1. Could you please tell me which pairs satisfy a Cβ distance under 7 Å, a separation of 6+ or placement on different chains, a first residue in the stretch 108-119 that is without any contact (Cβ under 8 Å) to a residue 24 or more places away in the chain, and a second residue that is outside any loop (DSSP other than H, G, I, E, B) and among the β-branched types (V, I, T)?
2. Only one of A148, A161 is over 28 Å from L16 (Cβ atoms), at pLDDT below 95 and either touching a Gly at 6+ places or on another chain (Cβ under 6 Å) or not acidic (D, E) (or both). Can you tell me which?
3. Quick test for you: out of T80, T104, T89, pick the one residue that is buried (at least 19 other Cβ atoms within 10 Å of the Cβ), farther than 15 Å from L4 by Cα and in contact with a strand residue (DSSP E or B) (Cβ under 8 Å, 6 or more places away or on another chain).
4. Picking from F44, F38, which residue would you name as being within 19 Å of L4 (Cα to Cα), surrounded by 17 or more Cβ atoms within 10 Å (Cβ to Cβ) and not hydroxyl-bearing (S, T, Y)?
5. Go through the stretch 4-37 and count every residue that is over 17 Å from the mean Cα position of the chain (by Cα) and either small (G, A, S) or modelled with pLDDT of 95 or more (or both).
6. Residues that are in contact with a Pro (Cβ under 8 Å, 6 or more places away or on another chain): find the helices (runs of 4 or more DSSP H) completely inside the stretch 26-138 holding 3 or more of those.
7. Please go through the stretch 126-161 and give me each residue that is closer than 18 Å to I31 by Cα, aliphatic (A, V, I, L, M) and out of contact with any helix residue (DSSP H, G or I) (no Cβ under 8 Å at 6 or more places or on another chain), ordered by number.
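The values are calculated or read from the model by the stated rules, or taken from the named source; none is laboratory data. Remember, it's a predicted structure, so these values are computed and weren't measured experimentally. FYI the Cβ positions are ideal-geometry reconstructions off the backbone, even for glycines, and counts take in every protein chain you see.
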Amino acid sequence: MKQLKIITTGGTIDKLYFDDLSEYQIGKPVIGELLQSFNVGFEFEVVPLLKKDSIYVTDEDRDLIRKVIEKSDESHFLITHGTDTMVDTAQFLQGIEGKTIVLTGALTPARFNSTDAIFNIGCAVAAVQSQPPGVWVIMSGLVWDPKAVRKNRKANRFEEA
């Protein structure tokens, strides 16, 4: 992996909450700061493409993500994405030749003390280097084929489809 291209789309991982009524904004992507603070041993570029909760991500947005990946010289991509439609986006990106694409997110914002974001990002970085070309969903320490996973909203976790 020469360089990892990181595409951020918003989602819970980058949310900032303001009150108990769940008023929020999507803030500046945190992944670049996190990777720098961990002193990672690889080069990366963060491309903040969208700032949306994933329930508002459209097929036009997915097409934009796809075009950025297809036109890029890099072969390894990590996409931070909201969890509600992460699988939809992963399925939309299938079929891009010669690229390893990993999507991850968080069930709680990265800025919270007890967040799954840092663990998911670490797992995604490992997966993007070790998985073969294709599209993968990484959540809760597991690597999923997008055709075989779904989010269980009631249980607030990913599981086999």
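1. none
2. On the way: A148 fails: at pLDDT below 95.
The match here is A161.
3. T89
4. Unique residue meeting the criteria: F44.
5. So the count comes out to 3.
6. 86-93
7. A126, A127, V128
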